[in-house]
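In what follows, a structure is listed as structure tokens, so that the remarks can point back to it.
Nothing in this text is a laboratory measurement; each read-out follows from the coordinates by a stated rule. All values reported here derive from a predicted model rather than from experimental measurement. All Cβ positions, glycine included, derive from the backbone under ideal geometry; neighbour counts span all protein chains shown.
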Amino acid sequence: MAVEHPQHTTPSFRCAVVQLRSTEDMETNLRTVEELVTSARADGADVVALPENFAWLRINPETTTPRQTPDGTLLTRMRRLAQHCQVDLLLGGYPLEAPGSTKHFNAASWISKSGDILCTYRKLHLFGIDIPGTETQRESDHVQPGDEVCCVDTAFGKMGISICYDLRFPELYRKLVEMGSQYLYVPSAFTLTTGKDHWHTLLRARAIENQCYVIAPAQWGFHGGKRHSYGHSLIVDPWGIVVAEASDGVNYAMARIEPAHVQRVRTHLPALNDRRI
């Protein structure tokens with residue numbers, strides 16, 4: 001299936017990927033988010049991308065999830081932040097209520113600088129790991145999977161949205177590219193165990209095979225209990241080159257995103273249009 005290239009010139013923009021060490025203390029998490037978004041905007045960011053679990057990260061399996069509603073306090077606060085800073089916000093995974101279920105969705109949203117929610121994606125693939133003596137997690141114990149792919153048209157071009165474990169399913173990203181995506185958003189909380197061996201490889205692979213920028217903010221560090229995240233928030237260009245990477249700690253990295261570079265790579269190496277299956 002051929003991939004259509006944008007026929008108009010989309011402006012370049014500066015994107016910041018925020019790296020957090022979230023806990024179950026939502027207020028403290030959100031204050032940190034507000035400080036980093038404000039700082040990134042002051043540094044020239046047009047878009048600020050937050051990682052999975054930016055508002056709340058489960059540490060105790062028995063803790064009650066603070067499920068959010070589309071018009072609730074979390075999204076209202078983030079919409080005001082986007083308006084105040086005049087920056088587009090990408091909200092990584094947060095717990096969105098699933099009507100009629102005791103579980104919740106792991107959702108990601110794009111909020112424009114005017115405070116409008118342009119789209120909300122509900123995570124399709126739910127993480128599970130069971131390494132004896134090291135780590136056991138089953139996201140499906142608490143989370144209900146979504147059932148729709150999300151490619152959103154923005155002032156900067158088309159963005160395909162995913163969350164963390166989705167990264168291991170390349171067919172999702174090919175679908176997003178067929179829908180017109182120039183950029184792929186992968187907010188994550190990769191564990192230290194999987195991150196040190198797979199994070200860079202998977203992100204670069206998704207960028208190269210789809211000839212897209214990959215924007216991947218991440219959780220970092222020891223959160224408490226048995227939760228330890230890998231970090232290394234990245235932006236990868238459509239040639240597979242890492243153009244921004246956060247150092248250890250709570251901070252952000254930034255790069256200029258050039259839509260023309262996506263079109264140039266796809267024209268010079270037309271792999272997306274050379275597929276036969």
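With Cα atoms defining each centre, region 30-57 and region 75-114 are spaced 12 Å apart in the structure. Listed by chain and number, the aspartates and glutamates whose alpha-carbon sits under 15 Å from that of Lys196, ignoring those within fewer than 8 places in the same chain, are Glu135, Glu245, Asp248.
Students often check this: by mean Cβ neighbours within 10 Å, which of 211-217, 223-229 ranks highest, and how do the rest follow?
Numbers: 211-217: 27.3, 223-229: 17.9.
Per-residue mean Cβ counts within 10 Å order the peptides as 211-217, 223-229.
Bridges between two residues of region 99-242, per DSSP, are antiparallel at a rate of about 75%. In terms of overall dimensions, region 177-277 has a Cα radius of gyration and Dmax of 14.9, 49 angstrom. Values (1) 17.5, 54; (2) 18.3, 58; (3) 19.3, 74 are given for comparison; Rg and Dmax of the Cα atoms in Å, derived from the coordinates here, is the one labelled (1).
At 0.36 nm per residue, and after removing the present C-alpha to C-alpha distance, how many nm does the segment from Phe169 to Ala42 gain when stretched out fully? Provide the component values of the computation, followed by the final result.
On the way: separation 127, 0.36 × 127 = 45.72 nm, distance 3.58 nm.
Full extension from Phe169 to Ala42 adds 42.1 nm.
A straight Cα-to-Cα reach below 20 Å connects Lys158 with the lysines Lys113, Lys123, Lys175, residues fewer than 8 places away in its own chain not being considered.
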